[in-house]
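Asks: Take a look at this one; I'll ask things after.
Please treat every number below as a calculation from the coordinates, not as lab data. Nothing here was measured: the structure is a model prediction, and the numbers come from that model. Virtual Cβ from ideal backbone geometry, glycine too; neighbours counted across all protein chains shown.
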Amino acid sequence: MPDAVIVHPQSPASKRTALHSIEDAAETGSMLTAAEIPNGGAADNLGVQDFINSIVDDHDDDPTMPSLTPRVWVIGTIFTFLFAFANTVLTFRTNTFNIPAVVAILLILPIGRFLARVVPAGRWNPGPFSIKEHVLCSVMIGSAFIPLGVFNFISQKYILKQADLSVISGVGFVLGTQMIGYGLAGHCRKFLVDPVSMFWPTALTQVALYKALNKVAMPGSILPTRTYSTGAFFWIALTGAAVYQFFPSFIAPLLSTLSILCVSTSPAVRLWGSGLPSKGMGFLTINLDWSLIARWTPLESPWWTKVNQFFGIYLVLYVVLPILYYKNAFGMDQSLADPMASPYGVLNTLSLFNKTGAPLRPQMLVSPTGNLLDPVYEANKPIYISTFYALTIALALFGYAATLSHTALWYGKSIKERLFSGIKEAREDNLHKKMMSAYPEVPTWWFLVILVVAIPLVIVTCAVGGFALSWWGVVVAIALAIVSMLPVGVLQALSGQQLPLQTISLFLSGIIFQGQTFAVLSFNTIAYMGMAQGLVLVQDLKIASYMKIPPRDMFIVQLYGKILSAVLMTLTAVLVMENWQTSLLTSPQWQYVAYRFFSSNAIIWGSVGTLRFFGSGTPYSGILWSLLAGAVAPVLPWLAWRKWKGTWALVNVPLMAMIAEYPGGWTTTVMPLVFSFLSQFWMKRYHHALWTKYNYVLAAALSAGTALTVLLIALTFGLRNVKMPAYVLNPTDGC
């Protein structure tokens with residue numbers, strides 16, 4: 001999915017009218033970012049209601065249109081199985097890659113129409129495949145694209161060796177945290193769904209997509225009623241991507257890391273040139289592997305957002321990082337030694353190191369119950385991490401503060417006005433609510449029942465299932481999710497930007513539960529995933545309001561999809577760890593870095609604790625200053641814009657802090673920007689008609705084809721540990 005970003009209301013990006021933005025979205029079938037829906041610009045110029053009316057027709061709804069039909073159950077269930085399995089397996093990639101949700105949305109429609117043609121009319125075929133069925137299928141499948149809930153369970157059981165955990169307790173924990181999010185979502189409807197002012201720009205793009213694919217004319221005659229031959233293009237591009245991906249993923253791995261600097265014999269140069277996992281930073285490395293490029297969404301995100309993001313990447317990786325490394329800013333940067341990482345030095349690894357710079361296995365610091373082993377810690381302290389790992393933590397804190405500051409500067413007045421108007425609107429009827437009155441509402445007590453079931457489930461699972469969080473810890477985590485959900489939801493509903501709360505959650509839990517590794521992991525998962533999952537569901541409820549989906553049908557589909565995907569993702573993750581550790585997961589391309597990162601964070605924030613690792617007198621105490629720096633940095637371009645106007649409005653500090661989720665293989669610092677320039681600047685500006693018709697379809701096809709091949713190679717050659725013989729294009733960059 002594209003990056004969710006904030007666009008400034010006065011920026012050139014906002015000068016495109018809302019109608020133009022939505023026309024592009026509908027013609028391409030795109031999942032546009034908030035930058036393409038000028039939430040502060042066109043929405044303000046047209047008025048929120050006029051902006052919504054340009055996409056949503058509130059005067060035309062057919063309550064007799066089929067919605068929750070047998071086709072929805074069949075297609076939704078099969079696709080949930082497929083995408084939950086595929087996307088969970090793909091989280092074990094060194095550089096995580098997932099099949100975007102737009103692929104499912106594109107595939108559902110032809111399958112639904114096929115079933116409508118071949119199944120005899122009657123109970124199993126109520127007529128033509130409707131747009132409401134399309135939406136419900138997509139919502140059911142949507143949970144299969146968010147596999148984060150299994151990180152906690154897998155990292156504890158298999159990486160930190162928590163023997164008390166069972167598969168049943170893992171399923172219960174993941175299921176409980178997702179249900180808490182759903183219960184909270186239902187109680188936020190009056191403030192985040194019902195008010196017109198909470199218009200959710202990303203939801204509007206999906207509405208435009210559904211209407212375009214189903215060829216439903218939007219109000220105001222924004223789009224000409226014509227057909228588009230994008231289907232054949234999608235399948236041709238998918239096939240081409242699938243065939244090509246065999247080369248970088250298996251036949252010629254060198255295509256993943258064409259390192260210019262690795263021709264040098266200098267150890268220092270080769271350190272920076274290598275882009276392999278746990279080695280260098282891939283400086284000037286050319287990457288032709290779409291599974292690595294796609295994570296940056298170069299075809300989907302607007303050009304100006306990528307300029308901001310990659311400016312931040314180049315500034316951090318090639319200016320700040322070398323200075324910190326060669327100055328030994330954290331005390332032992334050049335003295336860390338990891339034979340498993342790189343013979344030239346340690347820059348980019350998830351490993352932990354002791355006071356002498358030697359590698360330290362996380363399991364050594366943790367008892368079987370997840371508590372810090374004080375004698376082991378005292379003998380090895382202070383604990384060190386690689387320079388880039390330290391930077392990722394600093395950037396996470398910087399980005400959190402920068403997002404708050406940026407939002408207050410550019411959106412503070414607007415959010416305040418709309419929040420108070422939204423509270424007032426929640427007590428009043430509007431056209432959406434009147435149209436939806438044709439359908440039975442979901443009583444609030446239904447969501448209350450979900451919470452009544454989910455909260456005890458999580459408490460019991462944490463108490464007796466090995467997750468080591470006390471009942472009051474569960475309550476505090478849920479309270480944090482509740483307190484965060486409304487303000488974060490308001491921001492997301494108005495701007496498309498979700499405040500990054502995971503690091504702050506770790507920060508707080510590391511203080512409360514210092515020395516309790518598993519408690520910190522569990523607390524963070526409940527607090528963060530409860531809020532994040534809840535807001536995903538709130539957005540789906542807004543789509544249901546726009547598309548006039550019967551609320552009870554949406555409730556059933558969301559609940560079923562959440563339960564099914566939670567079980568499937570957990571079982572898939574267990575399957576991978578139980579059976580593939582000695583085969584697939586020994587490959588450099590399958591180092592399950594995301595899970596290891598989760599575990600390393602557990603040691604830093606949980607075992608050692610926030611105060612002992614970042615407190616005064618520690619090597620990493622300076623990282624906490626990044627909170628202040630993040631709060632101040634957005635003020636500078638804002639003041640510059642106030643004085644000189646112009647393109648200063650496009651300077652987005654939070655975007656610059658979006659470097660990466662975790663340390664790992666860095667070979668993608670060049671090609672994503674190249675592809676973004678070709679797509680979002682050159683094609684969009686000089687071949688706009690072709691770009692409008694094919695760009696987002698191409699993005700979906702490339703991701704789908706690439707994912708198919710990656711999975712096929714993993715399930716065939718990877719499981720049998722079959723590798724290409726060594727030749728000029730294999731192994732990789734030679735560093």
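Asks: On full extension of the chain, what length is gained from I563 through F233, given 0.36 nm per residue of separation minus the C-alpha to C-alpha distance? Don't jump to the answer; show the numbers that get you there.
Replies: Values: separation 330, 0.36 × 330 = 118.80 nm, distance 3.51 nm.
115.3 nm is the gain from fully extending I563 to F233.
Asks: About the Cα centre, and with charges only on the beta carbon of Lys, Arg (+1) and Asp, Glu (-1), how big is the dipole of the range 302-396? Nearest 20 debye, please.
Replies: The calculated dipole for the range 302-396 is roughly 180 debye.
Asks: Let me ask another. Just subtract the alpha-carbon distance of F246 and W124 from 0.36 nm times their residue separation and send over the number in nm, one decimal. Write out the running numbers ahead of the final one.
Replies: Details: separation 122, 0.36 × 122 = 43.92 nm, distance 4.03 nm.
Difference between extended and current length: 39.9 nm.
Asks: Compute the distance in nm between two label points, each set 7 Å from the Cα along the Cα-to-Cβ direction, one at K190 and one at K413.
Replies: 3.1
Asks: While we're looking at this one, here's another question. Between R720 and Y314, what is the spin-label point distance in nm, taking each point 7 Å from the Cα along the Cα→C-beta axis?
Replies: 4.5
Asks: How would you classify the range 91-193 from its alpha-carbon gyration tensor, with a ≥ b ≥ c the square roots of the eigenvalues: rounded for a/c under 1.5, else prolate if a/b is greater than b/c, otherwise oblate? Walk me through the numbers before you get to the answer.
Replies: Numbers: a/c = 2.41, a/b = 1.82, b/c = 1.32.
Here the range 91-193 falls in the prolate category.
Asks: Under the 0.36 nm per residue contour assumption, what length would be gained going from the current alpha-carbon distance of L82 and I260 to full extension?
Replies: 60.2 nm
Asks: Within the range 236-273, find all residues whose amide N lies under 19 Å from a label point positioned 7 Å from the Cα of A337 along Cα-to-beta-carbon.
Replies: Within reach of a label on A337, which here means backbone N under 19 Å from a point 7 Å along Cα→Cβ, the range 236-273 contributes 267-268, 271.
Asks: Compute the separation of the alpha-carbon centres of the range 512-536 and the range 435-487 and state it in Å as a whole number.
Replies: Comparing the Cα centres of the range 512-536 and the range 435-487, I get a distance of 13 Å.
Asks: With 23 Å as the limit, write out which pairs from K413/K645; K190/K211; K306/K643; K542/K562; K645/K684 have Cα-Cα distances beyond it, or answer none.
Replies: Result: K190/K211; K306/K643; K645/K684 exceed 23 Å.
Asks: Can you give the FRET efficiency to the nearest 0.05 for A689 and W445, using r as the Cβ-Cβ distance and R₀ = 41 Å?
Replies: On the way: r = 52 Å, r/R0 = 1.27.
Calculated value: 0.20.
Asks: Please give me, ordered by residue number, the trypsin sites (Lys or Arg not before Pro) of the range 74-131 that lie in loop per DSSP and have at most 11 other Cβ atoms within 10 Å.
Replies: R123
Asks: Still on this structure, please answer the following. Can you sort F83, F717, F114 by how many other beta carbons sit within 10 Å, fewest first?
Replies: F114, F717, F83
Asks: With a ≥ b ≥ c taken as the square roots of the eigenvalues of the C-alpha gyration tensor of the range 589-735, please select rounded if a/c is under 1.5 and otherwise prolate if a/b is larger than b/c or oblate if it is not?
Replies: Judged from the Cα gyration tensor, the range 589-735 comes out oblate (a/c at least 1.5, b/c at or above a/b).
Asks: Hey, another quick one. In which sequence would C262, C462 go, from the one with the fewest C-beta neighbours within 10 Å to the one with the most?
Replies: Ordered from fewest to most neighbouring Cβ atoms within 10 Å, C262, C462 come out as C262, C462.
Asks: How would you rank F388, F507, going from fewest to most other Cβ atoms within 10 Å of each one's own Cβ?
Replies: F507, F388
Asks: Hey, another quick one. Between rounded, prolate and oblate, where does the range 491-572 land on the alpha carbon gyration tensor, with a ≥ b ≥ c its root eigenvalues, rounded for a/c under 1.5, else prolate if a/b exceeds b/c? Numbers along the way, then the final one.
Replies: Working: a/c = 3.72, a/b = 1.64, b/c = 2.26.
Oblate, because a/c is 1.5 or more while a/b does not exceed b/c.
Asks: Additional query: For the range 142-216 and the range 542-599, what is the centre-to-centre distance using only Cα atoms, to the nearest Å?
Replies: 9
Asks: Just how far, in whole angstrom, is the range 236-267 from the range 674-717 if you go by their alpha carbon centroids?
Replies: Centre-to-centre distance over Cα atoms comes out at 17 Å.
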